[in-house]
Amino acid sequence: MTVPPREYHYRVDREGRLFHEGSEILDPVVLRFFWRTLRRTEEGRWLSVCQGEWNWVEAEETPFVVQRLRLSLDGAGRLVAAELVLPGDYREPLDPASLAVGPGGLLTCAIRSGSYRARLGRRAALQLAPYLVERDRAVFLSLGGRLHPVTATGPIPKIADEPAPGFS
């Protein structure tokens with residue numbers, strides 16, 4: 001007789017925090033495990049399997065929320081690389097070709113080799129904002145000496161004509 005797997009249920013809030021039965025999961029090792037193993041089932045649900053236990057995750061739009069960025073700048077203050085940082089200090093490089101503006105003007109990007117979309121949280125979006133440029137009603141990310149187009153999957157909000165204070 002096969003014993004059914006034990007099942008647990010988790011929730012990810014809009015800021016990317018993971019909760020189990022109302023308590024936030026803070027252990028970085030556990031969080032990194034979740035972000036590395038989380039996958040979408042054929043039914044469209046999010047599942048992370050650990051030692052035969054099924055960990056179901058519910059999220060409003062995506063469980064993957066970039067909380068901050070690690071930016072690498074050259075001597076002139078230009079962006080040369082950006083690393084995505086998710087909860088638990090799970091990190092991946094930003095693929096500039098995957099950056100998009102989704103519904104509500106929220107920035108998204110590909111993670112896990114393009115398998116899933118992550119939403120940039122407020123802090124991460126603010127960190128990237130000084131390097132977004134608007135030209136001819138299109139938005140670009142200035143990174144690595146190139147302008148990378150930001151795809152629009154929803155309405156693009158107006159970007160300020162002037163750079164943020166402290167940036168040129």
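Details
- The sole residue among Arg11, Arg17, Arg6 that is touching an Asp or Glu at 6+ places or on another chain (Cβ under 6 Å), among the charged types (D, E, K, R) and loosely packed, with under 12 Cβ neighbours inside 10 Å is Arg6.
- When Leu31, Leu38, Leu26 are screened for being in contact with a Ser or Thr (Cβ under 7 Å, 6 or more places away or on another chain) and surrounded by 11 or more Cβ atoms within 10 Å (Cβ to Cβ), only Leu38 passes.
- Pairs where the first residue, in the range 40-57, is in the same structural domain as Ile25 (by TED's automatic domain parsing) and the second is exposed (fewer than 11 other Cβ atoms within 10 Å of the Cβ) and assigned to a strand (DSSP E or B), C-beta under 6 Å, 6+ apart: Trp54/Glu7
- Sole exception among (1) touching a residue at least 12 places away in the same chain (Cβ under 8 Å); (2) under 28 Å from Ala59 (Cα atoms); (3) not in a loop (DSSP other than H, G, I, E, B) for Ser142, by number: (2)
- Within the range 55-88, the set of residues being more than 23 Å from Leu141 (Cβ to Cβ), surrounded by fewer than 15 Cβ atoms within 10 Å (Cβ to Cβ) and at pLDDT below 95 comprises Glu60 only.
- The residue pairs whose first member lies in the range 25-38 and is in the same structural domain as Arg11 (by TED's automatic domain parsing), whose second member is at pLDDT below 95 and surrounded by fewer than 16 Cβ atoms within 10 Å (Cβ to Cβ), and whose beta carbons are closer than 6 Å, counting only pairs six or more residues apart or on different chains, are Pro28/Asp89.
- Listed here are the strands (runs of 3 or more DSSP E) enclosed by the range 31-139 that have at least 1 residues being among the polar types (S, T, N, Q) and closer than 17 Å to Gly16 by Cα: 46-50, 53-59, 107-111.
The values are calculated or read from the model by the stated rules, or taken from the named source; none is laboratory data. Computed from a predicted model, the values in this text were never measured in an experiment. Methodologically, a virtual Cβ is constructed for each residue, glycine included, from the backbone with ideal geometry; neighbour enumeration extends over all protein chains shown.
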